[in-house]
Structures are given as C-alpha cells and as structure tokens.
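The values are calculated or read from the model by the stated rules, or taken from the named source; none is laboratory data. Values in this document were obtained by computation on a predicted structure and should not be read as measured data. Cβ sites come from the backbone with ideal geometry, for glycine too, and all protein chains shown count toward neighbours.
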Amino acid sequence: MSDFKIASREQENVNVLALKGYLDAHTAPKLEEAFQNLIASQHFKIVVNCKDLSYISSAGLGVFMAFIEDVRQNMGDIKLTNMSPKVYNVFDLLGFPLLYEIFKEENEAINRFFDKPK
Amino acid sequence: MPRQQRRHTGPAAQGDDAESSHFDHAALFEFSKVINSSLELDFILSHILLTIMGKILSTRGLVALRRDGNSYGVETVKGFPSALRGTQWTIRSLPAGSFAVSSLDGKKHPWVRSLQDEGVTIVLPLVIAERTIGFLGFGERLARKKLHAREITYLRSLANISATAIEKSQMIGELQRVNRNLDRRVQELGTLSELGREFSALLDPEKLVRLLVFSLLGQIGVRRYVICVKNGPDMNVVASKIDGPPPQGELLSLLARIKGPTFTKDLVVRGPVDPRPVLDSLTLSVLVPIELKGEARGLLLLGDKLSREQFSEGDLEFVASLGNLAIISLENARLFKEAIEKQKLEDELLIAREIQKGLLPSVIPEIPGFQISATNVSSKQVGGDYYDVLRTSDGRHIIAIGDVSGKGSPAALLMANLQATIRALVPLGLSLGELTGRVNDLMCENTGGDKFVTFFWGAINHRDMTLTYVNAGHNYPYVIHDDGTSGRLEKGGMILGVMKTPVAYEEGVISLRGGDMLVLFTDGVSEAMNAQQQEYGEERLERVLHRVHGEDAPSVVRAIHDDVALHTSGAPQSDDITMMVVKIR
C-alpha cells in the first residue's frame with residue numbers, strides 16, 4: 001500500500017490539509033474523502049500544504065478538479081502551497097497554475113482569504 | 001582600414017574619431033553581453049530596439065521575424081501602434097545590408113508599400129551566414145538626418161550580434177517547447193501505466209469509474225463529462241457531471257458507433273436523428289467512442305476544459321487510451337465476477353450432491369421374500385430426489401420415494417429435512433395416513449409454503465403380504481402382476497409442504513403375490529427429454545415394464561435406465577432420475 005497521509009487542521013476559519021507521501025490513483029480516494037468531509041461540513045476555505053508531498057499523479061490532480069467548482073460556488077477556494085519543484089512541475093505541465101493559486105508559504109495562502117476584494 | 005575610409009568621407013571632427021570608435025567598440029561589447037545574458041526573446045528584442053532607437057534617435061522601432069517560407073511577422077514594436085504586432089508580410093527577397101524604404105518601389109512590392117504606410121523608413125535585415133531570419137524597422141529619425149556610413153557599419157554590427165542572439169533564443173525556445181511536450185507525453189504515459197496497474201487490481205466497477213473520472217479531470221482538466229458503458233444491448237451512463245439530464249438510449253448507441261475520437265462540430269449526421277443540438281446544449285464538445293474487439297463497448301463525452309483551452313489531438317489520443325484501459329478493466333471485473341459466481345454455483349451444487357448422496361440408503365435392508373433395487377442418477381443441477389427403505393419396530397418395511405421442488409442445495413436441504421422428519425415420526429407407531437398428515441404439517445412449517453414435495457410411501461408387511469400406501473401427489477407407481485395385468489397406486493392426498501393437512505390422507509391397501517412387481521419412479525424418468533424436447537413418457541415406460549416384468553429387480557432397473565438413455569441419446573440430463581423396483585419372489 002502506498003504511503004499517503006493527510007493531516008487536517010483549522011486556522012482562522014481556514015482549513016489546512018497537509019499532504020504527505022504519494023498521491024496517486026491508489027491513494028486519491030483518501031483525499032477525495034477529506035474534501036468531501038470539508039464540503040459536507042460547509043468548510044470552503046481550503047489550503048492544501050504540499051510540503052511533504054513527494055509525488056502526485058493525474059488521478060491526484062483530478063481530485064482537486066472534482067471539487068474546485070463546488071468550493072468556488074460557495075465563495076471559497078482551494079489554494080496550494082509549499083510545493084517541491086518536482087510536484088510543481090506536474091501541476092505546471094497540466095496547466096494548473098492558470099486554474100489555482102499557488103503560494104510559496106502556507107501563511108500567504110491563508111492571508112489571501114482575508115484580502116479585501118479588488 | 002575603416003579609419004582610412006572615414007578620413008575621406010565626412011566632415012566629422014577628426015579628433016573625436018579614435019575616442020568615438022573606442023566608444024563604439026565598448027558599446028558593442030556591452031550590447032552583446034546584455035542580449036546574450038538572457039534567453040527571453042522578448043527581453044532580447046526589446047533591448048535591441050531600444051539600443052538602436054537610442055543610437056539613431058528614432059522614436060519608433062519594430063522587429064519582424066521570419067516564420068516559414070517567405071513570411072515575416074512583426075514580433076515586437078516600440079513607438080509604433082501595438083496593433084502592428086502580428087502583421088505579416090510576404091517578402092521574396094530582402095535587399096542585403098541596410099536600406100532606406102524610400103529607395104524601393106512600393107508599386108512593385110506590396111510589403112514595401114505597407115512598410116511605407118506604417119512610417120518605416122530604415123530597414124536592417126537580420127542575417128546569419130546568408131540566411132535572413134528577420135529584419136528591424138525604424139521610423140523617421142528625429143533630426144531627419146541621413147545615416148553616415150560609419151553609423152551604418154555600426155548598425156550592421158549591432159544587427160549581426162542581434163541575429164545570433166535571436167536565433168539562439170529561438171532555438172532554445174523551440175527546445176524548451178519540444179522538451180515540455182516530451183515531459184507531457186512522459187507524464188501521460190506515466191498516468192496510463194499507473195492506471196493500468198491500478199485498474200487491473202480493482203474489481204469494483206464503481207471504484208474503477210471513479211478513478212477514470214479523476215484521471216480525466218486531472219490530466220485533461222475537463223469540467224463536464226458523461227461516461228457510458230455498454231451493458232447487455234444498452235449503453236448506460238455510469239458517471240456524469242453536466243448541466244442537465246444526460247443523453248440516453250438510442251442517442252448514446254448512435255454516438256457509440258462513431259469511429260474514433262471526434263469533435264461534436266465535425267459529426268456527420270447520417271440517420272434521421274441529429275445528436276448535435278443535445279450535445280451542444282450540454283456543452284459536450286468531444287466524443288470518444290471505445291471499442292473492444294471491433295464492438296462498441298463504451299463512450300466518453302467531454303465538455304469544456306476549466307482552462308477554456310481547446311482539446312488537442314494529443315488530448316484525444318490520451319482519452320482514447322485511457323478509455324480503452326478502463327473498458328478492458330471493467331470487462332475483466334465483470335468476467336471475474338461471473339467466474340466467481342459460476343464457481344460459487346458449482347461449489348453449491350457439489351455440496352447439494354454430497355447431501356443427496358449422504359441421504360440415500362447405502363445398504364437396502366433385506367426383506368424376506370422380497371428383492372429391492374433402486375437407483376438415483378443426479379443431474380448436473382442436482383434435483384431434490386430421494387428414496388428410502390426403513391424397517392419399523394413391528395417388523396414391517398417402509399419404502400419411500402420423493403421429489404422436492406427446486407434444485408441445488410435448497411432442494412437438498414429440504415430433502416434432508418424430509419428424511420429426518422420421516423425417521424423421527426415412523427417410530428411413533430401411527431397409521432401411514434396419520435403419519436403423512438404429521439409429515440405434511442412439519443414440512444409446511446419448514447418450507448413457509450414456497451416449496452413442496454411429491455411423495456409416495458408404503459409399508460410392506462411380508463407376513464400377510466400386503467402393501468399399505470399413501471401417495472401425496474407423486475407420479476403413480478406401477479404394480480405389475482405376474483400375469484401381466486397392472487395397476488397404479490393413486491390413493492393418498494395432496495402434495496407435502498403447501499398447506500397444513502386439511503383432510504386426512506387416504507390409505508390404499510393392495511395384496512401382493514409371488515411374481516408381482518412394484519415400480520416407483522420420479523418425473524426425471526417419465527419426463528426425460530431428448531434433444532428434440534420430447535418426453536420419454538409413461539407409455540414407453542409401461543412397454544418396458546411389460547417386456548421385462550419376469551426379470552429380477554436389478555435387471556428391471558437397468559432395463560428402464562437403458563431405455564431412457566436410448567431416448568435421450570446424449571441430451572443433457574435436466575432432472576434427477578430416481579427409481580425403485582420391488583420384486584416379490
């Protein structure tokens with residue numbers, strides 16, 4: 001079984017999911033479940049910290065796509081942070097930087113939720 | 001040598017020459033350093049324009065680069081209207097060196113005219129080893145002065161350095177593009193191989209479809225999709241995310257017959273149904289049919305991408321591969337499930353057969369003056385046939401035959417139940433009619449009324465040579481007398497297990513003489529089918545019985561068996577064949 005873990009915490013009304021290990025076809029359902037739980041409990045401000053994410057495949061990326069519209073329709077967002085160059089390269093190849101806000105640090109992403117709308 | 005030439009050319013102050021030339025060289029060196037320090041084409045072009053515009057004191061400059069053939073397109077502009085970007089000219093041959101646009105004939109060359117119209121007065125071709133890769137164009141100089149020869153030389157040096165830097169940057173850019181495409185293909189292959197692995201390990205069709213959806217979302221970034229899988233004759237939607245009800249039935253079957261991935265807009269409508277309005281209303285712009293062994297097995301309909309980008313050929317290829325992989329895996333999962341179920345069924349039948357074998361008496365008790373022979377040939381499905389021979393405490397013998405409705409282990413279990421009931425009740429010493437009523441009541445409680453048993457039993461009293469019997473809805477056994485006359489054992493009541501005994505079962509009594517023969521059988525004998533679906537039939541059975549009634553019990557059993565086999569002649573046996581022959585010596 002591939003090693004993949006999600007640590008979830010809440011900070012200033014923003015839910016942070018810290019991913020660890022391999023996010024692939026095998027482990028994607030775990031992330032799906034985590035998003036489902038957040039959405040079911042009306043949490044739509046989500047930051048995904050990828051600091052310890054060592055690999056992501058397109059099935060993993062698909063989970064982000066599956067929920068992004070729901071989340072944005074509810075005035076929320078999924079923002080991504082702390083990606084290793086290897087992980088960022090996959091996001092970049094598949095054109096995700098156009099679709100998602102990606103930050104170097106988790107705090108920047110959290111603060112972004114409290115920016116005044118332009 | 002240039003210095004020599006310059007001496008003769010202009011009225012420029014001779015004393016500045018050395019210094020100015022030194023300045024020119026230093027500036028060239030600096031220019032070369034700056035534009036070669038970057039691989040960004042925009043930066044390089046911008047720096048070239050600004051440098052030259054500063055040098056010749058012009059407020060407007062543009063760079064046009066050769067695209068393919070003789071086509072040149074404007075890449076960057078400074079001072080000219082930005083709408084000029086992207087403008088293309090066809091130029092068969094650009095004059096060498098720098099030149100004034102006004103010196104060319106605008107009537108002969110449309111591009112010259114166009115440049116003149118835009119206000120381009122000076123053109124500097126960008127040439128590397130006699131290949132023209134583009135040109136620089138500049139507007140009127142502020143001072144409206146003509147360029148000195150020395151300035152022209154200097155500009156040509158700048159142009160040469162620029163051309164090399166531009167080409168290097170273009171090549172790197174091209175390499176990066178190729179590299180990125182390659183990266184993307186590698187990534188796609190990685191995805192396919194990962195999914196191939198994962199799919200083949202998944203036997204749950206729902207999970208499989210979920211994974212397919214994630215991969216489509218992640219790899220292609222689609223927002224809307226419909227995934228259909230063929231199940232029997234119909235295309236069924238197994239997953240979808242669209243704004244409205246998914247297309248159904250006939251329309252899907254029609255779409256699935258399309259060969260290869262297609263854009264909705266390119267669909268060729270042949271029949272009376274035009275699927276395009278439905279697909280357009282759901283913004284489903286791409287169709288990917290999936291075939292397996294030349295037969296349409298699935299269909300993916302894809303909508304817009306979240307990025308609003310168009311689908312590329314590569315995207316379609318990827319989706320087709322992914323879809324094939326998923327359909328094969330779904331097919332495997334289905335076959336696996338079928339195999340498991342078949343195995344389960346066979347295991348169950350094996351159990352049923354074991355139960356049945358265990359219930360039939362292994363040794364038939366001896367009755368003085370009687371010879372008993374019985375056989376049970378169970379069918380593949382295992383019917384619920386049963387026979388038994390018991391000795392009672394008062395010295396009589398019970399012969400019994402029964403047929404439980406249904407097949408497989410439920411029938412076998414009910415049969416076991418019947419046997420246990422009989423064996424428990426017989427020692428009570430009640431009359432056969434009363435016992436049958438009790439057996440029926442107990443069977444009713446156990447079956448809940450949805451199963452039944454046809455049953456015949458009789459008590460042989462070898463002392464007074466009588467048979468007392470009850471027939472509960474079973475095929476009437478034969479009694480064949482020594483003289484060739486015959487009768488049937490019909491008395492009794494209704495079949496067992498349907499409802500509690502309303503009227504007592506009637507007992508029949510016959511007397512037995514030497515040479516008489518009793519033949520008990522189940523419908524597996526009389527209804528044995530041949531390949532033409534014709535039943536063996538009781539008439540044919542009777543003919544055999546009359547032919548062999550003088551023989552001993554085992555011979556009669558064998559004769560019936562062989563005649564039935566002759567009738568079916570290899571057609572699969574559909575039901576258990578069970579019979580018991582009792583011969584009185």
Report summary line: Counted residues in the stretch B:169-207 being part of a helix (DSSP H, G or I), more than 10 Å from every other protein chain (Cβ to nearest Cβ) and aliphatic (A, V, I, L, M) come to 6
Query raised in the report: Name the helices (runs of 4 or more DSSP H) wholly within the stretch B:1-109 that hold at least 1 residues that are surrounded by fewer than 16 Cβ atoms within 10 Å (Cβ to Cβ) and at pLDDT 85 or above?
Result: B:17-36, B:41-56
Requested in this report: Could you pull out the residue among B:LEU279, B:LEU302, B:LEU330, B:LEU287 that is in a strand (DSSP E or B), in contact (Cβ under 8 Å) with a residue 12 or more places away in the chain and away from chain A (no Cβ under 14 Å)?
Outcome: B:LEU287
Query raised in the report: Of the conditions (1) over 21 Å from B:ALA239 (Cα atoms); (2) within 14 Å of another protein chain (Cβ to nearest Cβ); (3) among the small types (Gly, Ala, Ser), B:ALA352 fails just one. Which one is it?
Result: (2)
Report task. Could you check how many residues of the stretch A:73-118 are assigned to a strand (DSSP E or B) and either within 14 Å of chain B (Cβ to nearest Cβ) or farther than 18 Å from A:ASP52 by Cβ (or both)? Result -> 3
Requested in this report: Just one of (1) touching a residue at least 60 places away in the same chain (Cβ under 8 Å); (2) among the aliphatic types (A, V, I, L, M); (3) outside the structural domain of B:VAL77 (by TED's automatic domain parsing) trips up B:ALA143, so point out which.
Outcome: (3)
Requested in this report: For B:LYS342, indicate whether it is part of a loop (DSSP other than H, G, I, E, B) and farther than 24 Å from B:THR468 by Cα.
Outcome: no
Report task. Would you check if there is a residue in the stretch B:211-230 being outside the structural domain of B:ALA256 (by TED's automatic domain parsing) and of a type in the set (Ser, Thr, Tyr)? Result -> no
**Report entry** Selection from the stretch A:1-52 of residues that are more than 26 Å from A:GLN73 (Cβ to Cβ) and within 14 Å of chain B (Cβ to nearest Cβ)
**Finding:** A:MET1, A:SER2, A:PHE4, A:TYR22, A:ASP24, A:ALA25, A:HIS26, A:THR27
Requested in this report: Would you point out which residue out of B:ARG131, B:ARG113, B:ARG144 is at pLDDT 85 or above, farther than 25 Å from B:LEU41 by Cβ and not β-branched (Val, Ile, Thr)?
Outcome: B:ARG113
Report summary line: Counting only residues that are among the aliphatic types (A, V, I, L, M), more than 28 Å from B:ARG185 (Cβ to Cβ) and in contact (Cβ under 8 Å) with a residue 12 or more places away in the chain, the stretch A:25-74 contains a total of 6
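I want to confirm something. Restricting to the stretch B:542-562 and keeping residues that are in contact with a helix residue (DSSP H, G or I) (Cβ under 8 Å, 6 or more places away or on another chain) and touching a residue at least 24 places away in the same chain (Cβ under 8 Å), which single residue is surrounded by the fewest Cβ atoms within 10 Å (Cβ to Cβ)? Break it down stepwise before answering.
Residues of the stretch B:542-562 in contact with a helix residue (DSSP H, G or I) (Cβ under 8 Å, 6 or more places away or on another chain): B:544-545, B:547-549, B:551, B:555-556, B:559-560.
Checking the rest, the ones that are also touching a residue at least 24 places away in the same chain (Cβ under 8 Å) come to B:545, B:549, B:556, B:560.
Working: B:LEU545: 20, B:HIS549: 22, B:VAL556: 25, B:ILE560: 23.
That would be B:LEU545.
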Query - Residue list for the stretch B:215-240, restricted to those being within 14 Å of chain A (Cβ to nearest Cβ), assigned to a loop (DSSP other than H, G, I, E, B) and touching a helix residue (DSSP H, G or I) at 6+ places or on another chain (Cβ under 9 Å) - result: B:GLY221, B:ARG223
Query raised in the report: Quick one: which of B:THR454, B:THR421 is out of contact with any Lys or Arg (no Cβ under 6 Å at 6 or more places or on another chain), part of a helix (DSSP H, G or I) and within 26 Å of B:VAL519 (Cα to Cα)?
Result: B:THR421
Query raised in the report: Would you pick out the residues in the stretch B:350-389 that are out of contact with any helix residue (DSSP H, G or I) (no Cβ under 6 Å at 6 or more places or on another chain) and farther than 19 Å from B:VAL557 by Cα?
Result: B:LEU350, B:ARG353, B:GLU354, B:GLY358, B:PRO368, B:LYS380, B:GLN381, B:GLY383
Requested in this report: Output the number of the condition that B:GLY402 fails; it satisfies all remaining conditions of (1) crowded, with 18+ Cβ neighbours inside 10 Å; (2) assigned to a helix (DSSP H, G or I).
Outcome: (2)
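If you check B:ASP243, B:ASP274, which single one turns out to be more than 16 Å from B:LEU330 (Cβ to Cβ), part of a loop (DSSP other than H, G, I, E, B) and within 14 Å of chain A (Cβ to nearest Cβ)? Working first, answer last.
Details: B:ASP274 fails: within 14 Å of chain A (Cβ to nearest Cβ).
Within the list B:ASP243, B:ASP274, the selection yields B:ASP243.
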